[in-house]
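Data block below; observations after.
Please treat every number below as a calculation from the coordinates, not as lab data. This structure is a prediction, so every number in the text was calculated from the model and none was measured. Cβ sites come from the backbone with ideal geometry, for glycine too, and all protein chains shown count toward neighbours.
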Amino acid sequence: MNKDILLYKILIESIPIALLVEDENRNITLTNQAFCDLFEFPVEPEELSGYDSSQAAEEAKHLIVNSEAFIERIYSLVAAKEPVYNELVEMKNGTNIVRDYIPIFNDDFYLGHVWLFKDITHLHSLNEAEKIQLVKYHADKKQSITP
């Protein structure tokens, strides 16, 4: 295996974010184990390649608190082809995730899109004062290492 391809594969598997890449026809081209785990697909990520993503969403919707709105929003985001970041999605098991939708273009030619799902359950459960402290701590820490 080419060293660059191996590095790319390891990177995709190492990030703690559920990743799904779809082509322009909504067929899955790439995903990672974090995605399979989050949406309870009992297969290896490679096995989802070529699978119809709209069918995958239907199979996973039972995990989402407001499943019909979740599915409808997928269709509206794909139709609009505009990036959207940090949309809150609540899962029935109490997990809170944010969803990012990133369309992929080569010049004006639409190639597909990327979905990223990040678990923010620990942040979502913080009260407002704790969130302010966390943001302040990270800002102070960033300033202390800036020359």
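With the alpha-carbon atoms of region 31-79 aligned to their principal axes, the span from lowest to highest coordinate is 28, 23, 14 Å, starting with the largest.
The local environment of Val84, defined by Cβ-Cβ distances under 10 Å, has a net charge of -1 under the rule Lys, Arg +1 and Asp, Glu -1. The amide H of Asn32, built 1.01 Å from its N in the peptide plane, has Leu19 as neighbours under 5 Å, considering only residues 5 or more places off or on other chains. Listed by chain and number, the aspartates and glutamates whose C-alpha is less than 13 Å from the C-alpha of Lys9, apart from same-chain residues fewer than 8 away, are Glu46.
One chain, two ends: Leu11 and Glu72. Fully extended at 0.36 nm per residue, the span grows by 18.9 nm beyond their Cα-Cα distance. The fraction of Cα-Cα pairs per 5 angstrom bin, counted from 0 for region 1-92, comes to 2, 12, 20, 25, 22, 11, 4, 2, 0 percent, rounded to whole percents. Taking label positions 7 Å along the Cα-Cβ direction at both Asp52 and Asn86, the computed distance is 3.6 nm, reported to one decimal. In a DSSP loop and with at most 15 other Cβ atoms within 10 Å, the GluC sites (Glu not before Pro) in region 1-46 are Glu24, Glu40.
Site pair Ile104 and Gln33 shows an inter-label distance of 2.2 nm when each label is modelled 7 Å from Cα along Cα→Cβ. P(r) tail for region 15-55: Cα pairs beyond 14 Å make up 38% of the total.
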